[in-house]
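Here's the structure we're looking at; comments come further down.
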Amino acid sequence: MHRPFDEHLHQSFQPGSRPHPTTDPPGPLGAPAEPDPARIDPAVLGALLDRHGWRRRGGAAGRYTRWTPPGPTAGGPSLLVPESRAFPDYEDLLGEALTALACSAVPSARDVLVGLTVPSDEIRWWRDVPQGVSGTASWTAQEQLRSAARQMLLAGALAVRERAGYYGVRHRRQAQASLGGVLVGPAPGGRTLTAFLPVRSGRAVAVRLAHALQAAREAIDYQRAAGGMEAFDTAIRAGVSRELTEALIALVRGSEGARIALAWSPAAGVPQGCAARMEPVEFSAGDLPALRQAGARYLQDEPSVPVRITGTVVRLRRSGPRGSGTVRLRVLAGAEVPHVRVALDEEAYRTAGQAHLMGLPIRVVGRLESRGGFRRLTGAAGVTPVPVDDAERDRLMKSLQENLDFFGEAGDEED
C-alpha cells in the first residue's frame, strides 16, 4: 500500500476495499507503476481517456490520435496514442503515453491508469455539499460519502448472493469478502468518490447495483406520484433492499442531492442486459421519506427462514440451576450468519451443555427470525450432538477454552 495517498480512506472504507494502486505522487523517487505497454490495447486506452474527459485533437489518420487533458489544464502536455497495434512503433509510443499519464498532475490520469492495470467497472458517487476553503468539503461530509459508498457496495454484494428485502447479518461475511479486490480513489475536494470493481471478481456486484439503483429510482417516482409502495415490493427482484435504502439515505442526508454513475470496463465490454452507456441515477432530499418508508416495510415484511443449523455452543445462560435457558451458537453450517441465540427447554439445554463439555457441536432445527437481524432461532427442536473426529474435537475444545466469558450474563442478550 502506498502510504502517501489518503491512508485514512483505506481504513474507513474497510472491510472490502483497498486503496488505489497507482496513487503515489510523482517525485524524485519515481513515478507510479505503469502498465506494460505490450499488454495494453490502444482502443481501450482511447476509450478510457474519452470517458474521463480527455479531448481528442486529431493526429495522423490511421497512425495515432492526440489527446489533451480535460478542464482548465487542456493546454498542458498531450498524449499520442497509436490507433492500433499495427503501427510499427506502437509499443514505444504507448509507453511514452503511459509514462506521461503516470507523471501527470491531472486527477483523471490516475483513474485511466487503474482502468488499464486492472480491467474494472467504475462506480462514481457525487454528493452536493457546501464547499469549504478552495473547493474542499468538510471532514464529516467526506466520511459520510465514504460510509455511504461502502454500504452501497455491500448492499450490491448481498443482492448477488440472494434477493431479499432485508438481510440483517445473513451473508454479510461472504459479501464483505467478495469486495476484497475493490479499488478506491477520491477526487479532489472530497465531494466525489470512485470505486473500481475488477471485472473478474466484482462485475456481478456492478451489474446488480446498476439494476437495483434504477429500480429504486423508479419505485420512488411511483410512490411520489401514486402514493403506493407496491413498486418497492417488485424492486426486490432487481436487488433493492433495506440495506440499499439505508445506503441511499446516508448518501443523500445532509446534502443537496447525490448521483451515482456506472461505467463498464472497455476491456471487458458491456455485460448482458445492461445499456452500453448508463445515465447517472440521481436522488434528492425529497426522496428520503419514500426511502425510509421502504426500509421500514422491508424490515417488517421479511419472513423468518426455516433452517437446520450445526454449531458449537459458545455461551450458556439460564436463571437458575434447573429449567429452560438460552445458548449462543457459533454457526458451522446451515445458515449464512456467524452466530445465533437459541432458547431451549430444560432437556435440550442439558444436551447442549453436555455437548459442549464433550467438545461436540450440536444440530438444531428452527426458524431464523428476521427481528433483530436474523440473530435468533425460534421454535428450536431436535437438539442432538454431532459426532466429529478426534482432531476436530480437539480444535473445537481449544477454541472454546479460549472463550473466557463462556457463561453469559443477563446483559448480553443483544450480542
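The values are calculated or read from the model by the stated rules, or taken from the named source; none is laboratory data. Worth saying up front: this structure is predicted, and the values here are computed from it rather than measured. Here Cβ is always computed from backbone atoms with ideal geometry, including for glycine, and neighbour counts include all displayed protein chains. SASA here: full protein model, heavy atoms, side chains in, ligands and nucleic acids out. Shrake-Rupley method; radii C 1.70, N 1.55, O 1.52, S 1.80 Å.
Taking the criterion of being of a type in the set (D, E, K, R), part of a helix (DSSP H, G or I) and open to solvent by 40 Å² or more (accessible area, probe 1.4 Å), the residues of the range 275-309 that qualify are Arg292, Arg297, Asp301.
Scan the range 145-166 and give yes if some residue there is surrounded by fewer than 15 Cβ atoms within 10 Å (Cβ to Cβ) and at pLDDT 80 or above, otherwise no. There is at least one residue in the range 145-166 that is surrounded by fewer than 15 Cβ atoms within 10 Å (Cβ to Cβ) and at pLDDT 80 or above.
Does the range 313-329 contain at least one residue that is hydrophobic (A, V, I, L, M, F, W, C), farther than 30 Å from Gly257 by Cβ and touching a Lys or Arg at 6+ places or on another chain (Cβ under 6 Å)? Yes, the range 313-329 contains at least one residue that is hydrophobic (A, V, I, L, M, F, W, C), farther than 30 Å from Gly257 by Cβ and touching a Lys or Arg at 6+ places or on another chain (Cβ under 6 Å). Count of the range 196-219 residues, restricted to those that are small (Gly, Ala, Ser) and modelled with pLDDT under 95, is 2. Screening the range 317-335 for residues that are of a type in the set (S, T, N, Q) and touching a Leu at 6+ places or on another chain (Cβ under 9 Å) and picking the one that is modelled with the highest pLDDT gives Thr326.
For the range 404-415, the condition of being modelled with pLDDT under 85 and aromatic (Phe, Trp, Tyr) holds for at least one residue. Counting the residues of the range 275-298 that are under 25 Å from Leu145 (Cβ atoms) and touching a residue at least 60 places away in the same chain (Cβ under 8 Å) gives 12. Inspect all residues belonging to the range 326-348 and state whether any of them is touching a residue at least 60 places away in the same chain (Cβ under 8 Å), in a strand (DSSP E or B) and either aliphatic (A, V, I, L, M) or open to solvent by 60 Å² or more (accessible area, probe 1.4 Å) (or both). No: zero hits.
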